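Shown next, in structure tokens, is the structure this report addresses.
Bear in mind that the values in this text are calculations on the coordinates, not laboratory data. Just so it is clear, the structure is predicted and the values come from calculations on it, not from any experiment. Cβ sites come from the backbone with ideal geometry, for glycine too, and all protein chains shown count toward neighbours.
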Amino acid sequence: MDAFKTHRGILATLDRANVDTDQIIPKQFLKSITRTGFGEQLFYDWRYLADGRPNPDFELNAPRFRGASILAARHNFGCGSSREHAVWAIRQYGFRAVIAPRFADIFRTNSMKNGLLTVELSDAEVEEIFRMAGRYAGLEATVDLEHQRLVLHLPEEIAFHFEIDPAVKEHLIRGLDDIGLTLQREGAITRFESRHDPQWPGAHR
């Protein structure tokens with residue numbers, strides 16, 4: 001998993017609340033047996049018209065958000081069914097962080113396991129971000145996980161502080177998913193197996 005310490009990029013806004021995982025990655029795309037190729041399917045029903053052309057009315061298709069890597073959304077982002085594919089699609093599209101007043105718990109957990117930072121701010125702070133993104137085309141922001149700060153790069157910069165669970169923060173900064181965390185105890189696991197596996201030379205000694 002890629003480590004997350006500091007990221008600067010274009011900020012895009014999705015002015016919708018209660019965005020559920022079926023909207024993030026529709027169910028027809030869950031049949032793939034690989035973990036790749038989901039970026040093109042992110043928000044598929046919103047991004048594309050029935051004939052497959054990009055929907056010009058969908059926010060993220062706007063030229064001002066081309067190349068965006070930070071997403072701001074409204075309340076209760078990632079609700080609905082548990083599907084890790086939703087986080088894969090967001091990451092593979094190019095987003096490194098999502099900002100919202102609140103995230104669904106399972107989505108937040110899946111995000112941490114896949115290197116996607118979820119930044120929770122107050123409704124008023126998110127509203128200010130939307131207002132600034134609407135005023136300044138191509139607005140860039142920096143997410144500094146170590147110092148827990150989000151900075152909007154305006155003529156006069158605006159900074160927001162965010163809270164995050166210390167354990168989640170450490171895992172993201174060190175780039176440790178569940179496998180990485182387990183491998184940190186590889187020595188202890190090997191010693192345990194050597195004592196309990198009857199096929200291991202010297203077991204039970």
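Before moving on, here are some points about what is shown:
- Cross-link partners of Lys31 among lysines (Cα-Cα below 26 Å; sequence separation of 8 or more within a chain): Lys113
- Choice from Arg53, Arg149, Arg66 showing the highest fluctuation, given a GNM over the chain with Cα pairs closer than 10 Å: Arg53
- Spatially proximal aspartates and glutamates relative to Lys169 (Cα-Cα < 15 Å; intrachain offsets below 8 disregarded): Asp2, Glu120, Asp144, Glu146, Asp177, Asp178
- The HN-Hα couplings worked out from phi for the stretch 42-47 by the Karplus form 6.51 cos²θ - 1.76 cosθ + 1.60 (θ = phi - 60°) are 4, 6, 3, 5, 9, 6 Hz, whole numbers, x standing for Gly and Pro.
- In the chain, one over the average inverse separation of all distinct C-alpha pairs is 18.4 Å, which is the Kirkwood hydrodynamic radius.
- Here the contact order of the chain, divided by its residue count and restricted to Cα pairs under 8 Å and six or more residues apart, works out to 24 percent.
- Per-residue ³J(HN,Hα) for the stretch 9-25, Karplus 6.51 cos²θ - 1.76 cosθ + 1.60, θ = phi - 60°, Hz, x for Gly and Pro: x, 6, 9, 10, 10, 10, 7, 9, 9, 6, 6, 8, 5, 6, 7, 5, 9
- Note on the chain: with charges restricted to the Cβ of Lys and Arg (+1) and Asp and Glu (-1), its dipole about the Cα centre is near 600 debye.
- If R0 equals 45 Å, the separation of the Cβ atoms of His147 and Arg53 corresponds to a calculated FRET efficiency of about 0.60.
- Among Val126, Ser81, Ile70 the positive-end extreme of the charge dipole of the stretch 61-171 (Cβ point charges): Ser81
- Burial order of peptide ranges 109-122, 26-39 (average beta-carbon count within 10 Å, highest first): 109-122, 26-39
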